[in-house]
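Below you'll find the structure, written out as structure tokens, and then a few comments.
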Amino acid sequence: MARRLLVTALAAAVTLVLPSASAQSPTWQHVAVPAQVRPQAALNEAAALGPDRAWAVGADAVGRSAPGYPLVLRWDGTAWQRQNLPGIRWQGELLSVAATGPTEAWAVGRDAAGATRLLRSDGTTWSESRVPSGVVLTKAVAGAGQTWLIGTRDNAQVLLRREGKGWRDLPVPPGSVYGLHLVAADDVWAAGASGSGATVSHWDGQEWRQTVVSGFPRAAVGSVLAVSPTEVWAGGTGGFIGGPAGKPIPPLLARWDGQAWRTVTMPTTFGSVTSLAPAPSGALGWVAVARSLKWGPPGSNPPLVPGPDFLVWNGQSFAEYDEPKVPGEGDSAALHLAPVPGTTTVWAVGRASGPEGTFAPRVLRFG
């Protein structure tokens, strides 16, 4: 009897420590957009402040020859809701969104005539904001309590920082800036390109110091993540020379150690790094790769097969993830990441292909 009780107790203990048969590793999940969003819609970028507050922006009701209308979605912790844009009647799209807090978010867009539009949210309502004179805006970036805008004026690069109720022009590094990481007012990293190749520049509050990530022709980086002064990551495309139209281009991921940039090998051969996202610790977590392709097994026909859409870095190597299949839709052209601060949750938004040349908004969540 005592032996039987001991065996029963051991079996119960084993049952408690073994994982459930239904337990599964986390994967990317497709999340539905509101029913009011029409089929011909697309999302360009997202920003998250917490588990119950995130935004995604793009365009809705885009026709074959019609520009559509600006679209803002908001995550309330349970579902994505379409936000009303009272008084905003122009046609066009929203390209970028950034938020410094629950009562201040910014969205950059362009109307059907090509003019820049700037929207501001007070946490409840979105309204038009005055665009700095002569500036064509492409992106809004927030971090460390700051908001910056990227754009051009008279075809020259412009960087603007929100100060009080206005925008202040700041010095710009040589070449073009496509992305920013704001660590502090005197610690800003800019990803871009110049005549020397792909570049990353660092702002110390007084001046920019630029370094070349890759000198290969037409190389560029559009995303940068600064973990520390001796660990900075930059992602983009590795550039190319000549070749036929549609020639695959290799992705570029590089790491700065405080002295030099070193290219990091990824488990994909062609594509473009569109977005980098930190882990909760602030270290590199996720890498999104658009149009990812890799060489198939010897003798494969075609020789290239789809590569991973997402890579997660554990400090030593990458794990690969694909975006989930969605019935009636194809893959996304590009996905942009928005990590939820303080959590392991990450959003990814983009535009997926649909039947007969149509497209659909794509929202994915990990965690």
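The values are calculated or read from the model by the stated rules, or taken from the named source; none is laboratory data. Here the structure is a predicted model, which means the values were calculated and not measured. Reconstructed Cβ throughout: ideal geometry from the backbone, glycine too, with neighbour counts over all protein chains shown. All accessible areas refer to the heavy atoms of the entire protein, side chains included, with ligands and DNA or RNA removed. Shrake-Rupley method; radii C 1.70, N 1.55, O 1.52, S 1.80 Å.
Computed values, structure above
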item	result
Some residue of region 300-311 being within 26 Å of ALA54 (Cα to Cα) and either among the polar types (S, T, N, Q) or surrounded by fewer than 23 Cβ atoms within 10 Å (Cβ to Cβ) (or both)	yes
Pick from region 1-51, criterion modelled with pLDDT of 50 or more, of a type in the set (Gly, Ala, Ser) and exposed (fewer than 11 other Cβ atoms within 10 Å of the Cβ), ranking: farthest from GLY77 (Cα to Cα)	SER25
Among (1) among the polar types (S, T, N, Q); (2) within 17 Å of SER228 (Cα to Cα); (3) assigned to a strand (DSSP E or B), the one test that SER275 misses	(2)
Selection count, region 83-103, where residues are closer than 28 Å to PRO341 by Cα and either open to solvent by 70 Å² or more (accessible area, probe 1.4 Å) or within 20 Å of the chain's Cα centre (by Cα) (or both)	12
Residue list for region 125-144, restricted to those being open to solvent by 20 Å² or more (accessible area, probe 1.4 Å) and more than 15 Å from VAL183 (Cα to Cα)	THR125, SER127, GLU128, SER129, ARG130, VAL131, SER133, GLY134, VAL136, THR138, LYS139
Qualifying residues in region 321-337 (those that are charged (D, E, K, R) and under 17 Å from the mean Cα position of the chain (by Cα)) - the one least open to solvent (accessible area, probe 1.4 Å)	GLU323
Restricting region 150-159 to residues that are in contact with a Ser or Thr (Cβ under 9 Å, 6 or more places away or on another chain) and farther than 17 Å from ASN44 by Cβ, the residue that is surrounded by the most Cβ atoms within 10 Å (Cβ to Cβ)	VAL158
Breaking point among (1) modelled with pLDDT of 95 or more; (2) farther than 28 Å from ALA254 by Cβ; (3) assigned to a strand (DSSP E or B); (4) not aromatic (Phe, Trp, Tyr), for PRO324	(3)
So THR147, is it under 23 Å from PRO70 (Cα atoms), buried (at least 19 other Cβ atoms within 10 Å of the Cβ) and modelled with pLDDT of 95 or more	yes
Qualifying residue in region 201-209 (condition: open to solvent by 30 Å² or more (accessible area, probe 1.4 Å) and in contact (Cβ under 8 Å) with a residue 40 or more places away in the chain)	no
Selection count where residues are surrounded by fewer than 20 Cβ atoms within 10 Å (Cβ to Cβ), touching a residue at least 40 places away in the same chain (Cβ under 8 Å) and within 18 Å of LEU49 (Cα to Cα), scope region 104-124	1
Any hit, region 338-349, residues being closer than 18 Å to HIS30 by Cβ, in contact with a strand residue (DSSP E or B) (Cβ under 7 Å, 6 or more places away or on another chain) and surrounded by fewer than 18 Cβ atoms within 10 Å (Cβ to Cβ)	no
Some residue of region 250-262 being crowded, with 24+ Cβ neighbours inside 10 Å, acidic (Asp, Glu) and touching an Asp or Glu at 6+ places or on another chain (Cβ under 9 Å)	no
Residue ID - modelled with the lowest pLDDT, chosen from residues in region 64-82 that are open to solvent by 30 Å² or more (accessible area, probe 1.4 Å) and small (Gly, Ala, Ser)	SER65
